């Protein structure tokens with residue numbers, strides 16, 4: 001006989017949270033692998049010791065944020081609602097089954113008012129990396145770096161035009177010294193002292209988030225974005241650094257500084273770096289050479305010449321003569337070194353005037369061809385040569401399996417397609433916490449795989 005089921009909502013049962021959480025739940029693995037106790041010590045100076053109401057445990061606050069990143073919950077209000085009904089979240093946060101969950105405003109106001117910069121988020125990220133190092137998940141010998149764009153929380157149609165300076169290159173002082181040394185080696189007089197100033201050009205400035213940069217790149221969406229510059233270790237893809245900039249900042253500008261920070265902070269003995277073509281610059285190559293690091297970069301197609309004109313590659317450089325050799329055999333000798341760091345090599349017009357290749361070589365009225373070469377071009381060519389070796393091809397092939405995979409996971413699983421907040425500092429905190437959550441998950445899964453019994 002068919003009977004209606006009795007309502008069980010009010011039945012009294014003796015249960016514990018421990019019983020309600022599946023044994024193989026991700027949060028169980030994280031709880032077993034990661035020590036979060038350091039968060040309390042990091043944040044203690046931000047709280048008053050003898051005044052005010054007792055605060056919520058900062059470890060609880062940050063663990064709640066990590067839950068949001070781990071499970072792709074972008075909204076803090078939605079995150080609190082999820083914690084209210086998900087027993088696994090309550091178990092991880094050490095909340096009782098009937099305990100009232102904190103309000104979403106508590107989470108947001110704690111983030112806004114107490115953490116005025118990214119120092120705490122940076123310290124938490126660093127401590128997670130240190131735990132990965134302690135578990136021997138990071139080698140620190142081969143690093144891969146790339147950037148990805150995060151859509152800013154700003155309407156691309158609401159902007160003002162203003163004159164803004166381009167990002168300043170950090171290597172200008174080294175470049176000036178190299179220019180003067182090169183001119184002296186060629187018997188040239190020193191250049192007159194002149195202060196380098198960044199180029200100023202009309203730029204779109206968002207009315208909603210002025211710190212976001214307007215991105216205009218080939219095969220990329222146009223609008224206001226931030227860039228997340230991320231470095232991962234070559235062993236298991238653990239993220240070792242993340243740094244946010246406006247999308248208008250070139251990838252190569254912050255690279256060497258962030259590389260030095262990792263070496264100093266974690267004691268990495270970096271031997272090799274893998275980079276895409278955006279980092280294939282003479283300044284990066286020289287910086288890696290000075291640090292005794294082998295670089296492998298993607299191929300960067302040079303600017304094509306005018307239609308019907310010969311490429312620069314047709315002219316072979318002779319280091320012994322410090323001159324270029326044209327297809328007809330003429331030596332194109334050194335002339336000067338300009339303030340931008342380029343040597344100028346100029347041909348003899350008397351030889352070029354009757355040359356049968358003149359029409360495809362130069363359109364100069366004096367029948368003179370000028371070829372430029374950067375003062376750090378030797379270092380650039382060494383890095384380019386690494387890419388063509390069997391070892392270099394193996395290193396570069398790992399790039400898509402490490403840093404590109406890291407970005408794919410971040411976007412697909414951790415909600416890292418969009419900037420959750422406005423302002424560079426808050427976006428930097430988002431990048432740090434998202435990367436820390438990725439590392440937490442990776443550490444937990446690897447350790448769980450090590451300790452789990454193998455099937456018979």
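The values are calculated or read from the model by the stated rules, or taken from the named source; none is laboratory data. Keep in mind that what you see is a predicted model, and the values were worked out from it rather than measured. Virtual Cβ from ideal backbone geometry, glycine too; neighbours counted across all protein chains shown.
When 181, 173, 154, 123 are screened for being surrounded by 14 or more Cβ atoms within 10 Å (Cβ to Cβ) and outside any loop (DSSP other than H, G, I, E, B), only 123 passes.
In summary, strands (runs of 3 or more DSSP E) completely within region 195-293 and bearing 2 or more residues that are in contact with a strand residue (DSSP E or B) (Cβ under 7 Å, 6 or more places away or on another chain) and more than 15 Å from residue 143 (Cβ to Cβ) occur at 200-206, 213-215, 223-233, 239-246. Scanning region 172-196 for residues being over 25 Å from residue 322 (Cα atoms) and either in contact (Cβ under 8 Å) with a residue 12 or more places away in the chain or not assigned by TED's automatic domain parsing to the domain that holds residue 256 (or both) gives a total of 2.
Of all residues in region 413-455, those satisfying the criterion of being in a helix (DSSP H, G or I), over 13 Å from residue 152 (Cβ atoms) and without any contact (Cβ under 8 Å) to a residue 40 or more places away in the chain are 449, 450, 451.
A quick yes/no check of all residues on (1) more than 15 Å from residue 62 (Cβ to Cβ); (2) over 40 Å from the mean Cα position of the chain (by Cα):
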| site | (1), (2) |
| --- | --- |
| 2 | yes, yes |
| 6 | yes, yes |
| 17 | yes, no |
| 26 | yes, no |
| 32 | yes, no |
| 41 | no, no |
| 45 | yes, no |
